[in-house]
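To keep things clear, I will list the structure first and then write my remarks on it.
The values are calculated or read from the model by the stated rules, or taken from the named source; none is laboratory data. Predicted model only: the values in this text are computed from it and were never measured. Note that each Cβ is placed from the backbone with ideal geometry, even for glycine, and that neighbours are counted across all protein chains shown. Protein only, heavy atoms only, side chains kept; ligands, DNA and RNA dropped before computing areas. Shrake-Rupley method; radii C 1.70, N 1.55, O 1.52, S 1.80 Å.
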Amino acid sequence: MLAGVKAKEIIIIDDGLATLALIKQLISDSPAPLVRARAKNSAARVAMGLATWHRLRQLAREDRLLIVSALFVDAATRSKMADLGIKFAQHKFEWLATQPVAESFAEPTLLIGSAMVADQLIHEQPYLQWIEGIAADGPVAYFPHRRETPELLEKISKIDQVVLKEHTVPIEMRPRVLRPGQEIRALPSTVIPSLRPLLGPDSRYLYPQAVPDHWWTEGTDLELREHLSSSLKV
């Protein structure tokens, strides 16, 4: 891409929270290297990210950059994007919502697993205690995140009333219809804004949990904490 783009248009399609970080970087008044916040970036990667920022801004000026996402982008941000020539299209998983639901779950609480322990962003013990507290009220179906370690999942599986579900298809394709009395619990994650439109009226039974301050590890700086928590607002 840095060598030149012959295509009529570059389309970026992503529904992860990194999309919001990308947009924030692209509309920055000063050049911002396009790198993932929690990654350990080498000087070469930062330089490449900075060059990519300039290339995408150039494509925007030429009316050749489109970002497609299910994530909500506020009016002020979209206005600045438009001023810079960045086009944005929001979808709501319209096609997926028309597909039959292949699974149903009997447990009254569906708990979406988080990768934040595996990524060393939060401490393990309070996370396990949180799960124990939820399971104390009744059976829990736990949907592991693909990055959760076997060691952590082994500990979770031993919590009374927790039923570990096999990791299969993306979570947005699984608990799309709730039984009466069922609820979904989750820490800040892309799954929150993704599931809301798919659940429709049942989205009122989706309860995201903010991360208490004492859960965070020392290596998780404030900016990253705020970024990871942004899914609670969208």
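List of remarks:
- Scan of region 52-95 for residues that are polar (S, T, N, Q), within 20 Å of GLY4 (Cα to Cα) and under 20 Å from the mean Cα position of the chain (by Cα), ordered by number: none
- Condition met for MET1 (aliphatic (A, V, I, L, M) and either under 30 Å from PHE93 (Cβ atoms) or exposed (fewer than 13 other Cβ atoms within 10 Å of the Cβ) (or both)): yes
- Of all residues making up region 163-177, the number that are touching a residue at least 40 places away in the same chain (Cβ under 8 Å) and touching a helix residue (DSSP H, G or I) at 6+ places or on another chain (Cβ under 9 Å): 7
- All positions within region 187-226 that are of a type in the set (Asp, Glu) and part of a helix (DSSP H, G or I): ASP202, ASP213, GLU223, GLU226
- Residues of region 54-68 that turn out to be free of Cβ contacts under 8 Å to residues at least 24 places away in the same chain and within 15 Å of LEU20 (Cα to Cα), as a count: 0
- Only one of the numbered conditions (1) open to solvent by 20 Å² or more (accessible area, probe 1.4 Å); (2) more than 24 Å from TRP95 (Cα to Cα) is not met by PRO197, and that is (2).
- Residue check, GLN125 modelled with pLDDT under 95 and either open to solvent by less than 60 Å² (accessible area, probe 1.4 Å) or out of contact with any helix residue (DSSP H, G or I) (no Cβ under 7 Å at 6 or more places or on another chain) (or both): no
- Criterion (β-branched (Val, Ile, Thr), buried (at least 19 other Cβ atoms within 10 Å of the Cβ) and part of a helix (DSSP H, G or I)) met by exactly one of ILE184, ILE156: ILE156
- All positions within region 69-101 that are touching a residue at least 40 places away in the same chain (Cβ under 8 Å) and either small (Gly, Ala, Ser) or touching an Asp or Glu at 6+ places or on another chain (Cβ under 8 Å) (or both): SER69, ALA70, LEU71, PHE93, LEU96, ALA97
- Checking each residue in region 52-97 for being open to solvent by 60 Å² or more (accessible area, probe 1.4 Å) and outside any helix (DSSP H, G or I) picks out GLU62, ASP63, PHE72, ASP74, LYS87, GLN90, LYS92.
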